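Trainee: Just dropping this structure here.
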Amino acid sequence: MEPIANPADPTIRIDSHLDGAQGRSLADDVLDGLTRPFKELPPKHFYDARGAELFDQICELPEYYPTRAERAILQESAAELAALTGAAELVELGSGTAAKTRVLLDALHEAGTLRRYVPVDVTESMVRECAQTLTEEYPGLRVHGVIGDFERHLDQVPDATGPRLVAFLGGTIGNFPPGSRRRFLREIAGLLGPDDHLLMGTDLVKDPDVLEAAYDDAQGVTAEFNRNVLRVLNRELDANFDPEDFDHIARFDPEHEWIEMRLRARREHTTHVRALDLPVRFAAGEELRTEISAKFTPERLRGDLSAAGLELVRWLTDPDELFALSLSRVADTPTAVASSNGSG
Ligand code: SAH
Ligand code: AVI
């Protein structure tokens, strides 16, 4: 894919890897996920422009503590992280609006090491807007944005230009099921050289009532976010879902220690995904899983990191131990074979 250079601003470069392929990925995911007895769609399809906006609103909700807790940890430790990593570049996976990232960028800017920011996100408008605003906010900073699917386009992250910090914030790693979570961490490890670090946010196991409230807020914003995936299917694949035919469900699964979001059909009906010539029948009460959001313990995280050939350098939490940030690096003696059916 040709880089989209902005002649007016040589500090910005944006590469897009989504044309066509992203459409195919949605079609494949629908064909795969809506033709099974237990229907499921991957969460990356929530994030069109409207979905990204709803996610931003979620981050402000009184019930949704992860954003506030992660920001508090960053505020407390950004200077230490800057000193430990000496990062010349920050690569951020699933960067979104990069709101919390500014705390880190401030510290790296202050330390005088930061030269380049590389946001990677599937939402085009987010990458473009944040490239524009961050080059204005941080004089001298170059931004190389990558619009793409981090599960497919990590090889499009440009080569490192100095000590690199890869940030994967927000707890997004929890949206991967256990096997692919470890596989993905191993791919991230492939972006790291001996002087590089991974800074990852993980939500922690806690009272199920607190967790369920965070995913089923009183204002119904998360419910709208959940239903938004149906609007994406209507627009992108000419489907005829009525989002109001579905109830939003958010439940903590104590066995796996993850939250599941589902959409439950209020009545028996058949939807047509016209672009795929696919009728999809829902029984009354049938559920479609749209997201898992795994919650972590330090042991689970260590296991996942080690299976990916990474070792923990720092474990940082907020005073209430709601959320954790982990700094890790490639292990001195990498694990030979990563188990993909790990503890979950
Ligand atoms: N890092 C931000 C945003 C988290 S929301 C924060 O901590 O608040 C998850 C982000 O990941 C969204 O911006 C979404 O567009 C992006 N995302 C989700 N799946 C993705 C994928 N497969 N590839 C690239 N970006 C993805
Ligand atoms: C992006 N991700 C970490 C969020 C989460 O908490 O799993 C997405 C989200 N889903 C519902 N609310 C927020």
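Here, each number is a calculation from the coordinates, and none is a lab measurement. Remember, it's a predicted structure, so these values are computed and weren't measured experimentally. Ideal geometry is used to build each Cβ from the backbone, glycine not excepted, and the neighbour counts take in all protein chains shown.
Trainee: Among the lysines, which fall within straight-line cross-link reach of Lys100, defined as a Cα-Cα distance under 25 Å, with same-chain neighbours fewer than 8 residues apart omitted?
Mentor: Straight-distance partners of Lys100: Lys44, Lys206, Lys295.
Trainee: Just how many % of Cα pairs in segment 153-235 lie over 21 Å apart, if you round to the nearest whole percent?
Mentor: When every Cα pair of segment 153-235 is considered, 51 percent fall beyond 21 Å.
Trainee: While we're looking at this one, here's another question. Which part of segment 255-283 falls in the paramagnetic zone of Glu151, meaning amide N under 17 Å from the point 7 Å along Cα-to-beta-carbon?
Mentor: From segment 255-283, the list is 260-262.
Trainee: From Cα coordinates alone, what are the radius of gyration and Dmax values for segment 190-239 in angstrom?
Mentor: According to the Cα coordinates of segment 190-239, Rg and Dmax are 18.1, 48 Å.
Trainee: Cα axis of helix 66-85 to longest principal axis of the chain: angle in degrees, 0 to 90, nearest 10?
Mentor: 30 degrees
Trainee: Magnitude of the Cβ-charge dipole of the chain, K/R +1 and D/E -1, about the Cα centre, nearest 20 debye?
Mentor: My answer is approximately 580 debye.
Trainee: Kindly give Rg over Rh for the chain, based on alpha-carbon atoms, with the Kirkwood expression for the hydrodynamic radius.
Mentor: Ratio of gyration radius to Kirkwood radius for the chain: 0.96.
Trainee: OK, next. As I understand it, the value is the acute angle between the Cα axis of helix 21-33 and the longest principal axis of the Cα atoms of the chain; what does it come to in degrees, rounded to 10?
Mentor: 50 degrees
Trainee: Another question about this same structure. Convex hull over the alpha-carbon atoms of segment 166-289: what's its volume per residue in Å³?
Mentor: 150 Å³
Trainee: Another one. Cα axis of helix 49-60 to longest principal axis of the chain: angle in degrees, 0 to 90, nearest 10?
Mentor: With rounding to tens, the tilt is 70 degrees.
Trainee: For segment 43-48, take each phi angle, set θ = phi - 60°, evaluate the Karplus expression 6.51 cos²θ - 1.76 cosθ + 1.60, and give the result in whole Hz per residue in order, putting x for glycine and proline.
Mentor: Taking θ as phi minus 60°, the curve returns x, 4, 7, 5, 8, 7 Hz for segment 43-48.
Trainee: Right, another one. Determine the sum of side-chain charges near Ala265: Lys and Arg each +1, Asp and Glu each -1, restricted to other residues whose C-beta is under 9 angstrom from that of Ala265.
Mentor: Details: positive: Arg264, Arg266, Arg267; negative: Asp245, Asp247, Glu268, Glu286, Glu287.
Here the charged neighbours net out to -2.
Trainee: Take every Cα pair under 8 Å in the chain that's 6+ residues apart, average their separations, divide by the length, and report that relative contact order as a whole percent.
Mentor: Relative contact order of the chain: 20 percent.
Trainee: Ok, one more. To the nearest Å, what is the center-to-center distance of segment 96-147 and segment 252-276, using C-alpha atoms only?
Mentor: Result: 35 Å between the Cα centres.
Trainee: A follow-up question, please. For Asp247 paired with Arg36, estimate the spin-label separation in nm (one decimal), with each label point 7 Å from Cα along the Cα-to-Cβ line.
Mentor: Here the modelled spin labels are 2.4 nm apart.
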